[in-house]
Structures are given as structure tokens and as C-alpha cells.
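Structure, as C-alpha cells:
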Amino acid sequence: KFMVGSENNNHRVLYFTEEGSGHNGIHGRYPNGRKLQILEAHHGGETTGLAFSPNKKHMYFAVQTSGILFDIWREDGLPFDGATLDIKYHSVH
């Protein structure tokens, strides 16, 4: 399964990175289709390497254009409790 979380499907989130569409950043999606924008990468930055700590309380990602690695966490101390999917689409010339 790509999604993990509580037994209540409303709390399961699929986290993913997106770039090239004008909405570069980290996003999430609930099984019911509701979308979340976790963060936006500024100035055309490409987010990549999305990962979570073993307890899912830290989300890690990098921005390729700057080479910076980020460690973020929730202010309420709860885990992100989601799976990751890193898909990149490029046109072939």
C-alpha cells in the first residue's frame, strides 16, 4: 500500500513531491481526493528525496536547485503518518 495511517481512512495521507507544474513543493492527498499543500518551493526550486524518520515525526526533503536539505516537524508534536511517493515526469526530446 502507498498509504498508511489509522484504521479510519480519513486520516491516511499520501505525501508526494511535485515540480514542473508551477506547484513545486510537498503535497498530500487523502483517499477521498482532498488535497493538501504542505509547502511550496520558491523560485522554481525542485523538491526531491522526500522521506520520514522512523517515528514519522520528522519529514525530510531536499531542494535540488539550492542543495539544501530540510528537516520539518509538526508544531503539535504528532507524526505525519503518511507514505511517500516521489514521481518525476520529464518530456523526452
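Quick note: the coordinates plus some simple rules give every number you see, no bench work behind them. What you see is a predicted model, and the numbers here were worked out from it, not measured in a lab. Using ideal geometry, Cβ is built from the backbone for each residue, glycine included, and neighbour counts are taken over all protein chains shown.
A cut-off of 5 Å between modelled amide H atoms, ignoring neighbours fewer than 5 places along the same chain, links F52 with Y60.
Taking a Cβ cut-off of under 12 Å around K35, the surrounding Lys, Arg, Asp and Glu residues balance to a net charge of +1, with basic ones at +1 and acidic ones at -1.
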